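Taken together, the values in this text are just the output of simple stated rules run on the coordinates, not laboratory data. These figures come from a predicted structure and were not determined experimentally. Virtual Cβ from ideal backbone geometry, glycine too; neighbours counted across all protein chains shown.
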């Protein structure tokens, strides 16, 4: 669980960094709306949860990672740091 929280904290920090960049006009793969409405709320919610509150293993996956991959079309061939962290976090979440 400690490794999961380390990855989660790193992903939250990266998301906050990306939000600051969008607010000053620096473009990136993730939009401000995606970051503030989906990614950050999900990450913060996971940080508050205790392990016993997690859904069953078969139902564990990050909505934000699925959205980035399937809906938002983030480039998996040239991934951003946030994308890589979400991928790593999604894998760790499934294994808890």
List the extent of the Cα atoms of the range 2-95 along each of their three principal axes, largest first, rounded to whole Å.
40, 24, 21
Suppose a student asked you for the relative contact order of the chain, using Cα pairs under 8 Å spaced at least 6 residues apart; what percent would you report?
38
Zone reached by a paramagnetic label modelled 7 Å from residue 20 Cα along Cα→Cβ, restricted to the range 62-91 with backbone N below 17 Å, covers 81-82
Would you mind computing, in nm to one decimal, how far apart the modelled labels at residue 3 and residue 75 are, each placed 7 Å from Cα along Cα→Cβ?
3.0
Taking the chain as a Gaussian network, where each spring joins two C-alpha atoms under 10 Å apart, which residue of 42, 71, 18 fluctuates the most?
71
